[in-house]
Amino acid sequence: MENALWITLIGMGLVFAAILLLWGLMALLVHLTREPEQSAPAPVIGDETSAGEETLGQAQLIERKHRAAAAAVAAAFSMRNPNGAAARPLSTPASVSAWQAVHRASQISQRVNPSRKKVAQ
C-alpha cells in the first residue's frame with residue numbers, strides 16, 4: 001500500500017512539473033516572438049478626431065467611408081429579390097426524408113395507441 005502512494009505522488013509530481021515546464025516554454029516563446037509595440041502619437045487636446053483618425057490622412061479617411069457605404073449598399077441590394085420584396089431567410093427548413101417520416105409516424109401511432117408494443121430493434 002505504501003508503494004502505491006509513493007508511485008501516485010511521484011506520478012502527480014511529474015505531471016505538474018511537465019505542466020509547469022510547458023507553461024514556461026509557452027511564456028518564453030510568446031516573449032521571444034512578440035513584436036515590439038509602436039507607441040501612437042498623443043491626441044491633441046481640443047482636436048475632435050479620434051486616435052484612429054489621426055493616423056490616417058483626411059483623403060484616406062474619406063475613401064474608407066465611401067468604400068464602407070458602397071459595401072452597405074451592395075449588401076442591401078443583394079438581400080432584395082428582383083421584384084423588390086425582402087429576401088427569403090438564409091436558412092430554409094430541410095425536407096423530411098422518408099426514414100424520418102416513417103419513424104415520426106411510428107412515434108405518433110404509439111402516442112395514439114399506447115397499448116401497442118414497441119418493435120425490438
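The values are calculated or read from the model by the stated rules, or taken from the named source; none is laboratory data. Please read all numbers here as calculations on a predicted model, not as lab measurements. For neighbour counting, all protein chains shown are included, and Cβ atoms are generated from backbone atoms with ideal geometry for every residue, glycine included.
Residue check: is ILE62 modelled with pLDDT of 95 or more and at negative phi?
no
I'm checking my understanding of the structure. Among residues of the range 78-121 that are among the small types (Gly, Ala, Ser) and in contact with a Lys or Arg (Cβ under 8 Å, 6 or more places away or on another chain), which one is modelled with the highest pLDDT?
Checking each candidate, the answer is SER109.
Suppose the filter is under 27 Å from the mean Cα position of the chain (by Cα), modelled with pLDDT of 90 or more and not in a loop (DSSP other than H, G, I, E, B); does ALA18 pass it?
Answer is no for this residue.
State whether the residues of the range 24-34 include one that is part of a helix (DSSP H, G or I) and at pLDDT below 90. I'd like the intermediate steps shown before the answer.
Taking the range 24-34 and keeping what is part of a helix (DSSP H, G or I), we get 24-33.
Next cut, at pLDDT below 90 only: none.
Taking every residue of the range 24-34 in turn, none turns out to be part of a helix (DSSP H, G or I) and at pLDDT below 90.
In the range 45-59, what residues are at pLDDT 60 or above and either small (Gly, Ala, Ser) or under 31 Å from the mean Cα position of the chain (by Cα) (or both)? Before the answer, list the steps.
First pass over the range 45-59, keeping only residues at pLDDT 60 or above: 55-59.
Matches in the range 45-59: THR55, LEU56, GLY57, ALA59.
Which one of the conditions (1) in a helix (DSSP H, G or I); (2) modelled with pLDDT under 90 does PRO41 fail to meet, given that it meets all the rest?
That leaves (1) as the condition not met.
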